[in-house]
1. How about the stretch 112-141: which of its residues are assigned to a helix (DSSP H, G or I), out of contact with any Lys or Arg (no Cβ under 8 Å at 6 or more places or on another chain) and either among the aliphatic types (A, V, I, L, M) or buried (at least 22 other Cβ atoms within 10 Å of the Cβ) (or both)?
2. Is it fair to say residue 14 is open to solvent by less than 40 Å² (accessible area, probe 1.4 Å), polar (S, T, N, Q) and part of a loop (DSSP other than H, G, I, E, B)?
3. Please go through the stretch 34-56 and pick out each residue that is of a type in the set (Lys, Arg), within 27 Å of residue 88 (Cα to Cα) and not in a strand (DSSP E or B).
4. Given the options 118, 182, name the one that is modelled with pLDDT of 95 or more and of a type in the set (D, E, K, R).
5. Output the residue which, of all residues in the stretch 29-70 that are closer than 30 Å to residue 121 by Cα and of a type in the set (Val, Ile, Thr), is surrounded by the most Cβ atoms within 10 Å (Cβ to Cβ).
6. Tell me which residues, restricted to the stretch 59-77, are out of contact with any Ser or Thr (no Cβ under 9 Å at 6 or more places or on another chain) and assigned to a helix (DSSP H, G or I).
7. Step by step: first the residues of the stretch 181-225, then only those that are touching a strand residue (DSSP E or B) at 6+ places or on another chain (Cβ under 7 Å) and polar (S, T, N, Q), then the one that is surrounded by the fewest Cβ atoms within 10 Å (Cβ to Cβ). Which residue is that?
8. Is there a residue in the stretch 96-107 that is touching an Asp or Glu at 6+ places or on another chain (Cβ under 8 Å), open to solvent by 60 Å² or more (accessible area, probe 1.4 Å) and modelled with pLDDT of 95 or more?
Amino acid sequence: MFVTEIFRSIQGESTYAGLPCIFVRLTGCNLRCRWCDTAYSFYGGTKMAVDEVLARVGELAGSAAGVLVELTGGEPLLQPECVPLAERLLAAGHTVLIETSGDRLVGILPREVVKIVDVKCPGSGEGGSFRLSNLDSISSRDEVKFVIAGREDYEFARDFTRQHGLETKAGSVIFSPVFRKDPSVQRDVSNCELDPRQLTEWILQDGLNVRLGLQMHKFIWEPATKGV
């Protein structure tokens with residue numbers, strides 16, 4: 001498999017936000033979302049065997065018996081070795097998350113993997129890429145995420161959530177404002193394309209049982225920092 005980076009930081013998103021986490025960022029993506037902040041992972045990377053990735057995760061974990069590990073990208077499910085890697089991480093006692101675009105089949109993953117699945121909104125430029133069959137593989141341990149640039153995206157996310165009963169199907173439904181691709185060094189909401197307060201007000205007005213998601217790591221480090 002090709003790996004862009006492996007690093008230890010805190011989890012900045014999802015219901016696991018704030019917890020120490022080891023990230024395995026795999027190389028390559030078949031989508032080109034307008035707001036993507038990890039375009040550097042589209043190409044290149046270092047070729048590594050599954051055993052080598054496990055060894056590096058073990059080094060970063062240190063003496064901890066089981067840690068939080070996220071497989072991300074790019075799109076990690078483009079690489080066939082992603083599934084055996086997830087299986088081996090689980091067997092080692094780790095909690096495994098995967099961030100995936102929703103364009104690839106998630107049912108090939110072990111049930112124990114926490115699937116954080118994007119549904120691309122129209123503003124991403126990749127609307128309509130989500131595989132509806134993936135909803136059959138979503139359980140109460142999994143999360144569905146919408147990244148929202150404005151009112152059109154919000155209404156799409158709201159309607160999709162209601163139409164497919166996501167509030168009861170998934171463990172959590174997350175609405176996150178788009179973060180600018182060219183952020184200033186300021187670690188505040190001025191770097192969000194959609195003011196989180198506005199998004200919050202829409203959620204409350206419509207009585208949605210969804211979680212507001214902010215990329216915590218971009219408020220801790222300068223927003224363009226890699227490897228955090």
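1. Within the stretch 112-141, 132 is the sole residue that qualifies.
2. The answer is yes for residue 14.
3. Within the stretch 34-56, 56 is the sole residue that qualifies.
4. Of the residues listed, the single one that is modelled with pLDDT of 95 or more and of a type in the set (D, E, K, R) is 118.
5. Selected residue: 69.
6. Correct list: 59, 60, 61.
7. Checked the stretch 181-225; the qualifying residue surrounded by the fewest Cβ atoms within 10 Å (Cβ to Cβ) is 200.
8. yes
The values are calculated or read from the model by the stated rules, or taken from the named source; none is laboratory data. Predicted, not measured: the structure shown is a model, and the values here were computed from it. Counting neighbours? That spans all protein chains shown, and the Cβs are built from the backbone with ideal geometry, glycine included. The accessibility values were calculated without ligands, DNA or RNA, using every heavy atom of the protein model including side chains. Shrake-Rupley method; radii C 1.70, N 1.55, O 1.52, S 1.80 Å.
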